[in-house]
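A.B. asks: My structure is below; once you've seen it, I'll send some questions.
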Amino acid sequence: MQRPPSPPPPRLPASRASDLRADLTESFTRATVEEVLGPVASAALDREDPVPARRATAASREPAAVLTRLFLLGGTATRRDLDVALPRTTTAGAAAVGLVAAAGEADDDEVRARVDLRPYEATDAVGDVRWWIASDLGELATGESLRADHVLGIGGASVTLAGITVRDHRHRVLDLGTGCGVQALHAARHADEVVATDVSRRALEFAAFNATLAGTRLDLRAGSLLEPVREERFDLVVSNPPFVITPPAAHAAGLPVMEYRDGAMPGDSLVAELVSGLGDHLAPGGVAQLLGNWEHHAGEDWRERVTAWLAAAGTDGWVVQREVQDPAEYAHTWLRDGGLRPGTPLFDAALAAWLDDFAARGVEAVGFGYLTLRRPGDGSRGGWHRVEDVDTPVHRPLGGHVAAVLAAQEWLATHDDAALADQRLVVADDVTEERYYRPGEPDPRVLRLRQGEGFGRTYRPGTLVAGAVGACDGELTLGQVVAGLAVLLDQPADAVAAEVLPAVRELLLDGFLRLA
């Protein structure tokens, strides 16, 4: 049986936005939701298990419980209870903008949500944010697989991209593939102008609703990839593009082309094409940051594959691989993401098509991670390419760290060792030193520097580098530190410098050291 069409996206006149925002501020924040659910149901809901949350809210007429049941759990409310939960907006107002559908006009008539609406609170490099984000109802609320035109709300990828994005002031920002618009909302807090594009006009309507509710103005444009911004340049580009690698045979088996994740291009070529085209859209000093997948092929180093994309972009580039999945794990992840369940005919047929495609093309695994491009400040072609695998846990937003790494690289690229030796350096505040001794021995067997922030890297310096780092307190230049070590250890100054200066460059680039 053919499914009915998706309900139209909500539309919020600016004149209604302040009332709805005030109602949600009073009754529907992360704190009020956690309070009404309690720790057990909250944790279960984070795991996408709705049963404890439904039990916690079933009998409650508290506003937070009513809104949670309605917008997060796919449950119902009466008009009377929703009028109390949204006193300024009322059920009639919520229905008028497309948030809910009411069965009738009586107080006890049933109301159902037409969209997912949830509080979003986060911290980025600018500070704290609190918004409410509307998107299509998901599988948890509807009990059905997602539609092809599904507009995704806040997911793990959205949070990741928001956290890694640099947040210094930028004149023009592009959010490519905006979806529900959350990246554009973050960008609007530190940019003069934000352009947000998407191939899905439905997504753009959700983004318009969310921007109006947040009190933000966006320049919304329809079109695929970079098509809507031909010959335009930006100071920052952010993108969570449709990077999922879905073989055509899976669609032939009945799997719909999901607009929010499927770029309808073979393999990982969508990300490759996007990366190679971004260089022409970055102003001097401009940065592009995006998420992506890339294939690991038999007999090929994935780093060589991704480095070729950076070379085609003609920019500096930094790629961090955060996760690797085998073919079966990858296919299973995205089939479940679309709401399909193992053991059903479509799930099994699509999984088989995925595995056949990967096997035929020699794909042994799929990597996921962050890609950062930067046009040098003088507008020239870049030449710095750093492609690495970093799987250490990250505990805080990375935007500030990314900005510091890019600034350090730009400084290092334009200053030779003589200039570096003239600098006063300090150890970053989050860096600690660990020493490991054998019992009774006066000297450590292992010396390790550890970051508390950023990617939480560790570095094992030799004796000379450890001595130099220990002396970096901003009082002496690095050249004076090297000279002092040479005298102290009775070694030629040139030999000390030959070991210390390259290591200091690496430590500056990783954020262990900084210019005083």
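A.B. asks: Applying the selection to region 285-304, what residues are of a type in the set (A, V, I, L, M), in a strand (DSSP E or B) and farther than 16 Å from residue 271 by Cβ?
C.D. replies: If the condition is that a residue be of a type in the set (A, V, I, L, M), in a strand (DSSP E or B) and farther than 16 Å from residue 271 by Cβ, then 287 is the only one that fits.
A.B. asks: Inside region 90-115, can you point out the residues that are more than 28 Å from residue 216 (Cβ to Cβ), free of Cβ contacts under 8 Å to residues at least 40 places away in the same chain and either part of a helix (DSSP H, G or I) or of a type outside the set (Asp, Glu) (or both)?
C.D. replies: Within region 90-115, 102, 103, 104, 106 qualify.
A.B. asks: Restricting attention to region 154-166, and to residues there that are part of a helix (DSSP H, G or I) and of a type in the set (Ser, Thr, Tyr), which single residue is nearest to residue 256 (Cα to Cα)?
C.D. replies: Within region 154-166, the match that is nearest to residue 256 (Cα to Cα) is 158.
A.B. asks: List pairs: first in region 116-132 and closer than 22 Å to residue 64 by Cα, second buried (at least 18 other Cβ atoms within 10 Å of the Cβ) and of a type in the set (D, E, K, R), Cβ under 7 Å, 6+ apart or cross-chain?
C.D. replies: If the second residue must be buried (at least 18 other Cβ atoms within 10 Å of the Cβ) and of a type in the set (D, E, K, R), the pairs left are 116/136; 132/118.
A.B. asks: While we're here: For the condition in contact with a Pro (Cβ under 7 Å, 6 or more places away or on another chain) and surrounded by fewer than 19 Cβ atoms within 10 Å (Cβ to Cβ), what is the one hit in 90, 76, 29?
C.D. replies: Checking each option against the conditions leaves just 29.
A.B. asks: Report yes if residue 393 is at pLDDT below 95 and surrounded by 12 or more Cβ atoms within 10 Å (Cβ to Cβ), otherwise no.
C.D. replies: No: the conditions fail for residue 393.
A.B. asks: Turning to a different aspect of this structure: Name the residue, out of 70, 24, that is in a helix (DSSP H, G or I), without any contact (Cβ under 8 Å) to a residue 60 or more places away in the chain, closer than 25 Å to residue 203 by Cβ and outside the structural domain of residue 141 (by TED's automatic domain parsing).
C.D. replies: After applying the criteria, what remains is 70.
A.B. asks: For region 266-283, how many residues meet the condition of being touching a helix residue (DSSP H, G or I) at 6+ places or on another chain (Cβ under 7 Å) and either part of a loop (DSSP other than H, G, I, E, B) or not β-branched (Val, Ile, Thr) (or both)?
C.D. replies: 5
A.B. asks: Determine which member of the set 151, 173 is outside any strand (DSSP E or B), closer than 25 Å to residue 223 by Cβ, in contact with a helix residue (DSSP H, G or I) (Cβ under 8 Å, 6 or more places away or on another chain) and assigned by TED's automatic domain parsing to the domain that holds residue 218.
C.D. replies: Exactly one residue qualifies, and that residue is 151.
A.B. asks: Please count how many residues of region 486-516 are over 39 Å from the mean Cα position of the chain (by Cα), assigned to a helix (DSSP H, G or I) and farther than 17 Å from residue 419 by Cα.
C.D. replies: 5
A.B. asks: Among the residues of region 131-148, which ones are of a type outside the set (A, V, I, L, M) and at pLDDT below 95?
C.D. replies: The answer is 138, 139, 142, 143, 144, 145, 147.
A.B. asks: Within region 486-498, take every residue that is buried (at least 18 other Cβ atoms within 10 Å of the Cβ) and in contact (Cβ under 8 Å) with a residue 24 or more places away in the chain and give me the one that is farthest from residue 401 (Cα to Cα).
C.D. replies: My answer is 496.
A.B. asks: Residues of region 412-453 being modelled with pLDDT of 95 or more, of a type in the set (D, E, K, R) and touching a helix residue (DSSP H, G or I) at 6+ places or on another chain (Cβ under 7 Å), which ones?
C.D. replies: 417, 422 - these are the residues of region 412-453 that are modelled with pLDDT of 95 or more, of a type in the set (D, E, K, R) and touching a helix residue (DSSP H, G or I) at 6+ places or on another chain (Cβ under 7 Å).
A.B. asks: Hey, another quick one. Can you tell which of 38, 93 is out of contact with any Asp or Glu (no Cβ under 8 Å at 6 or more places or on another chain) and more than 22 Å from residue 181 (Cα to Cα)?
C.D. replies: 38
A.B. asks: Check off (1) in contact (Cβ under 8 Å) with a residue 40 or more places away in the chain; (2) surrounded by fewer than 23 Cβ atoms within 10 Å (Cβ to Cβ); (3) under 20 Å from the mean Cα position of the chain (by Cα) for residue 171 and give me the number that stays unchecked.
C.D. replies: It fails just one condition, (3).
A.B. asks: Right, next: Within region 144-168, take every residue that is under 17 Å from the mean Cα position of the chain (by Cα) and polar (S, T, N, Q) and give me the one that is farthest from residue 74 (Cα to Cα).
C.D. replies: Among those that are under 17 Å from the mean Cα position of the chain (by Cα) and polar (S, T, N, Q), it is 165.
A.B. asks: Moving on. If only one of 7, 39, 50, 87 is touching a residue at least 12 places away in the same chain (Cβ under 8 Å) and more than 20 Å from residue 138 (Cα to Cα), which one is it?
C.D. replies: It is 87.
A.B. asks: Which one of the conditions (1) modelled with pLDDT under 95; (2) under 25 Å from residue 210 (Cα atoms) does residue 3 fail to meet, given that it meets all the rest?
C.D. replies: Here residue 3 meets the rest and fails (2).
A.B. asks: Next question. Just the residues that are small (Gly, Ala, Ser) and within 23 Å of residue 407 (Cα to Cα), please, taken from region 154-199.
C.D. replies: 162, 163, 187, 188, 191
A.B. asks: What's the number of the only condition in (1) under 31 Å from the mean Cα position of the chain (by Cα); (2) surrounded by 12 or more Cβ atoms within 10 Å (Cβ to Cβ) that residue 388 fails to meet?
C.D. replies: It fails just one condition, (2).
A.B. asks: Quick one: which helices (runs of 4 or more DSSP H) lie wholly within region 180-260 and hold at least 2 residues that are in contact (Cβ under 8 Å) with a residue 40 or more places away in the chain and surrounded by fewer than 24 Cβ atoms within 10 Å (Cβ to Cβ)?
C.D. replies: 201-214, 248-252
A.B. asks: Considering only region 428-485, give the strands (runs of 3 or more DSSP E) lying wholly within it that have at least 3 residues that are surrounded by 17 or more Cβ atoms within 10 Å (Cβ to Cβ).
C.D. replies: Once the strands (runs of 3 or more DSSP E) in region 428-485 are filtered for at least 3 residues that are surrounded by 17 or more Cβ atoms within 10 Å (Cβ to Cβ), what remains is 446-451.
A.B. asks: Looking at this structure, is residue 59 farther than 14 Å from residue 117 by Cα and at pLDDT below 95?
C.D. replies: yes
The values are calculated or read from the model by the stated rules, or taken from the named source; none is laboratory data. It should be emphasised that the depicted structure is a prediction, and the values quoted were computed from it without experimental measurement. Neighbour counts are summed over all protein chains in view; Cβ atoms, including those assigned to glycine, are modelled from backbone coordinates with ideal geometry.
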